Amino acid sequence: MHSIGELARASGLTVSALRFYDSAGVLQPALVDPVTGYRWYTDEQITPARLVAGLRRIGMPVPEIAAAVRAEPAAVHRMLDAHLRRLADGLTDARREAARLRALVDPGRPATTTLLLSPADLAAALDAVRFAVGVDPELPMLSGVLLDVEPDGVRLVATDRYRLALARAGADVDGPPVRVFVPVALVDRLRPLLDATDTGPVWLSVAGADLRVRVAEATVTGTALPYDFPDYRRLLRKAVGERRAARRIPVDVATLRAALADPAAPTVARDHDGTTRAVTVLGVDDEGGLRLLPAADLASDTLWVGVDGGYLLDALNAAGAPQLVLELDGPIAPLAVRRPDDADTYSVLMPIRL
C-alpha cells in the first residue's frame, strides 16, 4: 500500500489534487484508515493516477477524466481525439479573434490573408456545399458560403436551416485565420473558371470585406456579405455532437438514387401548413442494409428517420462519390451523409417528425 504522499510523487499529482479527485469520485483510495483518516493506495492505482495527471495537464474536464479512468483503451483514445479537436477549434477561434482585435485597434490597416489552392480541390469543395445555400430572402445570413480559413486550409460551410453541408480544401495560407461569408453570386461566377485545364493554383485574397480570386488569366472580385454566419460548430454539436451513430449503413449511390426517384417508392404523408407532404423514411432491413419504409412499418421499426427525399437526392449528388455512408440514430436525430474516404466532407439533414 502507498500513502497519499507516495502516490503523489509517483504520479505527478499534488497531495491536494489527490484529495480533490477522491472527493470528486475520480480516483478514490483503496483504504481509508478509520482512526487516522489517512488514505492508502495500491500499486494498481499508480497508472490511473498518472492518467489523471496527464489528462489534467491537457485541460480535460473532470467528468471526462472520471470516465476515462474507468474506460477501455479504445474509448480513451476517442475521448482524447475529441478533446484535441476542441482544443484545435479553440485555438483557431482565438487566432481569428486576435486578428479582429488587431483590426479594431488599427482600423486603417485591415489584415490580409491569401491562399493558394488546387482548382480541383476548391471545385470539389464548392460542389459539396453549394446545394445547401439558403434561398429564403428573409434569411440573408444564410445566402452564401462561409469560408473558414485555417492555418493549413479552408473549410466551406453552407446551411439553409434544414440541411448543413461541410467540405474542406487544403491550401498554402499566408496571414491570420479569418472567416468570410461569400455571396452565392460570387461562388457561381467562380465555379466555372475552376474547370479549365492547366490553370495553375487558385489565388484567393481576403482583406477585410474585400475578396479577390484569380484563376489563370481571370479575376473575380466581390464583397463579403455583412452578416454573422451561424456558429456551425455549435450547430454540429447540437446535430451530431461527439456521438457515435446507432447505425452506419454503406449505400450504393446509384441504387439509392434510383429507389428515391421511383414513382412507386414508399413515402409517408404528413400534413404541413394545410398541405400534404410526402416524407421519405429510411430504415434498416434484416441484413443491416438501408430500406425505404412505408407508413405501416413505422410502429415495428425503432431505428428510422424521416427526411425530405429531394434534399436527400441533393446530398447524394453533391457528395460526388459512388459509395456513401448514412448514419442513422433514430427519428429525432439528424441524418448524416458521409463519404467513406473523406472525413471532412459530409452533410447533415434535419429529421421530419412523424
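The values are calculated or read from the model by the stated rules, or taken from the named source; none is laboratory data. Computed from a prediction, not measured in an experiment: that's the story for all the values here. A quick note on method: Cβ atoms are made from the backbone with ideal geometry, for glycine too, and the neighbour counts reach across all protein chains shown. What goes into the accessible areas is simple: the full protein's heavy atoms, side chains included, and nothing from ligands, DNA or RNA. Shrake-Rupley method; radii C 1.70, N 1.55, O 1.52, S 1.80 Å.
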Subject >> Residue, farthest from the chain's Cα centre (by Cα), within the stretch 274-303, restricted to residues that are open to solvent by 80 Å² or more (accessible area, probe 1.4 Å) and over 20 Å from P263 (Cβ atoms) >> reply: G274
Subject >> Selection from the stretch 70-99 of residues that are open to solvent by 50 Å² or more (accessible area, probe 1.4 Å) and over 24 Å from V149 (Cα atoms) >> reply: R70, E72, P73, A74, H77, R78, L80
Original post:
Listed residues G134, G170; which is open to solvent by less than 20 Å² (accessible area, probe 1.4 Å), more than 14 Å from A318 (Cβ to Cβ) and either at pLDDT 95 or above or small (G, A, S) (or both)?
Top reply: G134
Original post:
Just wondering, is there one or more residues in the stretch 261-278 that are part of a strand (DSSP E or B) and under 24 Å from V129 (Cβ atoms)?
Top reply: no
Subject >> Hits in the stretch 166-190 (condition: out of contact with any Leu (no Cβ under 8 Å at 6 or more places or on another chain) and either free of Cβ contacts under 8 Å to residues at least 12 places away in the same chain or more than 22 Å from T112 (Cβ to Cβ) (or both)) >> reply: V184, A185, D188
Original post:
Is it the case that D342 is open to solvent by less than 60 Å² (accessible area, probe 1.4 Å), of a type outside the set (A, V, I, L, M, F, W, C) and under 23 Å from the mean Cα position of the chain (by Cα)?
Top reply: yes
**OP:** Identify, by number, the condition in (1) of a type in the set (D, E); (2) in contact with a helix residue (DSSP H, G or I) (Cβ under 9 Å, 6 or more places away or on another chain); (3) closer than 30 Å to I352 by Cα that D231 doesn't meet.
**Re:** (2)
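Let me confirm something: among P331, P351, which residue is assigned to a loop (DSSP other than H, G, I, E, B), modelled with pLDDT under 90, touching a Gly at 6+ places or on another chain (Cβ under 8 Å) and open to solvent by less than 70 Å² (accessible area, probe 1.4 Å)? Spell out how you get there, then give the answer.
On the way: P351 fails: modelled with pLDDT under 90.
Just a single option satisfies the conditions, and that option is P331.
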Original post:
Checking G310 against (1) within 22 Å of A261 (Cα to Cα); (2) among the small types (G, A, S); (3) free of Cβ contacts under 8 Å to residues at least 40 places away in the same chain; (4) assigned to a strand (DSSP E or B), which test does it fail?
Top reply: (4)
